[in-house]
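The values are calculated or read from the model by the stated rules, or taken from the named source; none is laboratory data. Every value quoted in this text rests on a predicted model; they were computed, and no experiment measured them. Cβ placement follows ideal geometry from the backbone for every residue including glycine, while neighbour counts extend to all protein chains displayed. Heavy atoms of the whole protein, side chains included, go into the accessibility calculation; ligands, DNA and RNA do not. Shrake-Rupley method; radii C 1.70, N 1.55, O 1.52, S 1.80 Å.
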Amino acid sequence: MCGIIGITTGAAAVRADPGAASGDTFVDDASEHDGILGVLLEGLARLEYRGYDSAGLALVGMPDAGGLWRARAANGTRSLDDLVKRAADAPEGATAGIGHTRWATHGRPAEVNAHPHVDCSGRIGLIHNGIIENHVELADELIADGHHFESETDTEVLAHLVESALDTGRALGLADAVRSALGRVRGAFSLAVVHADEPDLIVAARRVSPLLMGVTGSAAFLASDVPAILGLTRDFFVLEDDQIAELRPGRLTVTAADGRQIEPARLHVDWDLEAARKDGYDEYMSKEMHEQPRAVADTLLDRVLPDGTLALDEVHITNEELRAVNKVFIVACGSSYHAGMMAKYAIEHWARLPVEIDIASEFRYRDPVLDPSTLVIGVSQSGETVDTFQAVREARRLGAKVLVISNVVDSSMAREADAVLYTRAGPEIGVASTKTHLAQIAALDILALYLAQARQTLSPADARALLRGMGEVPGKVAVALERSTDVEAVAGRYRDSPSFIFLGRQVGYPVALEGALKLKELSYLRAEGFPAGELKHGPIALVEPGTVVIGVATRTPIWEKMMGNVAEVKSRGATVVLVAGDGDEETARHADSVLWVPPTEHLFAPMVDVVPLQLFAYHLARLHGYDVDRPRNLAKVVTVE
Ligand code: M6R
C-alpha cells in the first residue's frame, strides 16, 4: 500500500544515527539532496520495494518561497526518478516536509491523484495511507460548502476537512483541526499533515494503518514503515489507533482522542534494512500471509453500506444490464483461476446465473460462444498476465461485457474492461500468491452478492446475514494464521513424503487445487489436487500404503460424501491429513493429523480453509531449505503466452 515519511528539523541540520549499521546509514546516502529534502527522497526510495505508481512531497518553512512547495510525479516505477529531478527546483531552507509513495486504490495512478493533497488555499499539505470509506458523502458536503476538489482520491476530503475545521473556528490549531476532521471519517488511515502557517509542525494520526515516529537531537520524523527511517534511529514510538501526534524539532507530543496527553509505546529495532523491509518476518511470503486478514478487510471496506446493501462504485455496468446477463464466464490462470472456481459456486448459488470457468490460455482458442448478454470476469492479481489479458480482449471483441478483478489499479486488463473491481491487498512481492488470492475470493464473493442483489435472487435479510458472516472472515483468517506452529509440526511429520494428493468437494475442491499448487511451486514435490468424488474413476490407483492424502473436510453440505471418499483412501493405507473445523471430533477421528480452522459459512470457507494449506507448503519448503520468495523457474508476472 502507500508509503509515508515526514521530518521536521526547524532550522537545524539533519544528523544520521551514530548507532546505525553500515548500509543503513541515511543522510550520508542522500546524494545531491541533503537536509529535509534528502531524507524525504532517500526515505521514499526505501519504500519503493512495496510497489508504487506515483510519488510526491511537500515542504514548508522556506524563507524565500512562502507557503507550501509541492512536487509530484506519476510515471510508474520511474516516478521517483522524476520526483528527484523535480526536486532540483525546490526552494532552499525548508523546516519540515512530508513525502509519499502511492499505490492507487481510489483514483487512477496520475499526477493529479498523487499525494500530497492540498486544501483550497494550497497551504495545508496531507499524505495518507488507507481508505476513507465515507469520502463521497463528505466530499458532497464540502463541495456544497464551496470547497474545490482537484483529484479523484478519497484522501483529498481530509485536507478540506482540516481546512474547514480551521476556517470555521471549530479548531484552534492544526492538531485540533486534524482531530475534528477524523471525527467525521470512517475507514482506515495513517496520515501526516503540514501547514505553511505552522512551518515546524507535522501532525500525524492513525486508525488501523501503522505509523512510527522517532526523535533525535533537533529532528522528529515519522514513517509508515521502519525501513524509511532506519538509520535516523533504532528507537521508535508507535502511534496507536485514534491517537494524534505533534512532531516539532526534537519534540514529540501524543494525545488520545479526548485530547489527554499520553506516553506513546516504544519499539526498539535491531533489524538491518532488508529485515526491516520484511517487517521482521523471515520472508516476504510469511509477511504477506500475515497481511491476509487486512487484505480481506480492506477489500470489503466501503463496499458494504451501513444498511447492509452493497455498493461497488468501480462497476460501471447498470443494474439493468446486470439483470440482462444470462451467463457468466470466468477466465484466469493459476491461483487466480482457483479463486474463480470458488466464485462459480457463489454466483450460481446466490445469483442463480450459470457460470463457466476457463483457464485463460485455453479460452480464446476454443471458439467460445459469447454475446452482449454474457458477462466475462477476468481475475488477475497483476492485471498483466498475457493469457488472461488476451482472453479478456477476445471477450470484448465478441461483444461480451467484461469485468476485471485486479490488484493493480489501471493495469492493462483494467483498462481493457467495461468495469473493474479492485482487490486491495497491497503489493505482493513473494512469487506465490497468498494475500492477493484471499482478496480475490473476497472480491468475487461480494460481486456474487452484488449480482444477487441486482437480480433480486436473495432477500435483503439473507444478504445482510451473509454480509455479517463475511465481516467475520478476517478475524477467522487471523486465528488460522496463529496456528502456524501447529501446521509446521504437521509438515515436519511428512517432510520425507515424495508426493501428496489433495482432495476436496464442492468449494473444498478449488481449495485442494490451491493447496497442491502452493506445495508444488514451493517444495518442488509432486502434488495433485482432485475432486474427491472423482477418485475412484482413476486417481485412486495412485494410493498405496503411506501415500499422504490431504483433504479439505470442513462442513460443506456434502461433508458426508467427502468423508466417504476419505474412507476410501484410508482403507487403502493412505496417511490422512484433514482440514477440519474447530471442535469437529467426528472429522478428526478419520485423520492421522488435523489442520484446525475456525468454522465458516461454507461459501466463505475457502478464505479460511486455504490458510493452513499455504502454511503447510511454506513450512515444508523451509524444511527442505528452499527459497519460498523466489521458487525456481517461476515469475511473479507472466507476460508470455
Ligand atoms: O497476476 P495473475 O493473478 O494473473 O497471475 C496468475 C498466475 O500466474 C498466478 O496466480 C500464479 O499461479 C501464482 N503466483 C501462484 O502462486
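Details
- So residue 135, is it open to solvent by 20 Å² or more (accessible area, probe 1.4 Å), closer than 29 Å to residue 427 by Cα, within 27 Å of the chain's Cα centre (by Cα) and not small (Gly, Ala, Ser): yes
- Any hit, region 52-61, residues being open to solvent by 20 Å² or more (accessible area, probe 1.4 Å), of a type outside the set (Val, Ile, Thr) and assigned to a helix (DSSP H, G or I): no
- Within the set 212, 232, the sole residue that is surrounded by 20 or more Cβ atoms within 10 Å (Cβ to Cβ), within 30 Å of residue 472 (Cβ to Cβ) and touching a Phe, Trp or Tyr at 6+ places or on another chain (Cβ under 6 Å) turns out to be 212.
- Considering only residues in region 171-210 that are acidic (Asp, Glu) and within 18 Å of residue 121 (Cβ to Cβ), the one that is nearest to the chain's Cα centre (by Cα) turns out to be 176.
- Hits in region 146-191 (condition: more than 20 Å from residue 109 (Cβ to Cβ), surrounded by fewer than 22 Cβ atoms within 10 Å (Cβ to Cβ) and acidic (Asp, Glu)): 167, 176
- Whichever residue in region 69-106 is open to solvent by less than 40 Å² (accessible area, probe 1.4 Å) and among the basic types (Lys, Arg) and, among such residues, is modelled with the lowest pLDDT: 102
- Residues (more than 14 Å from the ligand (Cβ to nearest atom) and open to solvent by 30 Å² or more (accessible area, probe 1.4 Å)) located in region 422-470: 453, 455, 456, 457, 458, 459, 460, 461, 462, 464, 465, 468
- Of the criteria (1) over 30 Å from residue 614 (Cβ atoms); (2) surrounded by 17 or more Cβ atoms within 10 Å (Cβ to Cβ); (3) not aromatic (Phe, Trp, Tyr), which one residue 250 fails: (2)
- The set of residues in region 209-239 being in a helix (DSSP H, G or I) and over 16 Å from residue 264 (Cβ atoms) consists of 227, 228.
- Positions within region 605-640 being among the charged types (D, E, K, R) and buried (at least 17 other Cβ atoms within 10 Å of the Cβ), in sequence order: 609, 622, 629
- Residues that are open to solvent by less than 20 Å² (accessible area, probe 1.4 Å) and either touching a Pro at 6+ places or on another chain (Cβ under 9 Å) or touching a residue at least 60 places away in the same chain (Cβ under 8 Å) (or both) within region 119-129 comprise 124, 125, 126, 127, 128, 129, listed in sequence order.
- Condition met for residue 305 (away from the ligand (no atom under 16 Å from the Cβ) and either touching a Ser or Thr at 6+ places or on another chain (Cβ under 9 Å) or open to solvent by less than 30 Å² (accessible area, probe 1.4 Å) (or both)): no
- Only one of the numbered conditions (1) among the hydrophobic types (A, V, I, L, M, F, W, C); (2) under 30 Å from residue 431 (Cβ atoms); (3) assigned by TED's automatic domain parsing to the domain that holds residue 10 is not met by residue 239, and that is (2).
- Scanning region 370-412 for residues that are more than 17 Å from the chain's Cα centre (by Cα), open to solvent by 40 Å² or more (accessible area, probe 1.4 Å) and away from the ligand (no atom under 11 Å from the Cβ) yields 371, 372, 390, 393, 396, 397, 398, 401.
- Reported count of residues in region 592-604, each being open to solvent by 20 Å² or more (accessible area, probe 1.4 Å) and farther than 20 Å from residue 469 by Cα, is 2.
- Members of region 38-53 that are in contact with a Leu (Cβ under 9 Å, 6 or more places away or on another chain) and small (Gly, Ala, Ser): 43, 45
- Selection count where residues are within 15 Å of residue 603 (Cβ to Cβ) and away from the ligand (no atom under 16 Å from the Cβ), scope region 315-352: 9
- Residue match in region 346-359 (condition: open to solvent by 30 Å² or more (accessible area, probe 1.4 Å) and either under 25 Å from residue 522 (Cα atoms) or outside the structural domain of residue 448 (by TED's automatic domain parsing) (or both)): yes
- Qualifying residues in region 353-369 (those that are away from the ligand (no atom under 16 Å from the Cβ) and touching a helix residue (DSSP H, G or I) at 6+ places or on another chain (Cβ under 6 Å)) - the one nearest to residue 434 (Cα to Cα): 355
The rows are residues; the columns are (1) assigned to a strand (DSSP E or B); (2) within 15 Å of residue 466 (Cβ to Cβ).
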| residue | (1), (2) |
| --- | --- |
| 341 | no, no |
| 349 | no, yes |
| 353 | no, no |
| 357 | yes, no |
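- Qualifying residue in region 137-159 (condition: touching a helix residue (DSSP H, G or I) at 6+ places or on another chain (Cβ under 8 Å) and closer than 19 Å to residue 197 by Cα): yes
- Looking across region 318-339, the residues that are assigned to a loop (DSSP other than H, G, I, E, B) and surrounded by fewer than 18 Cβ atoms within 10 Å (Cβ to Cβ) come down to 318, 326.
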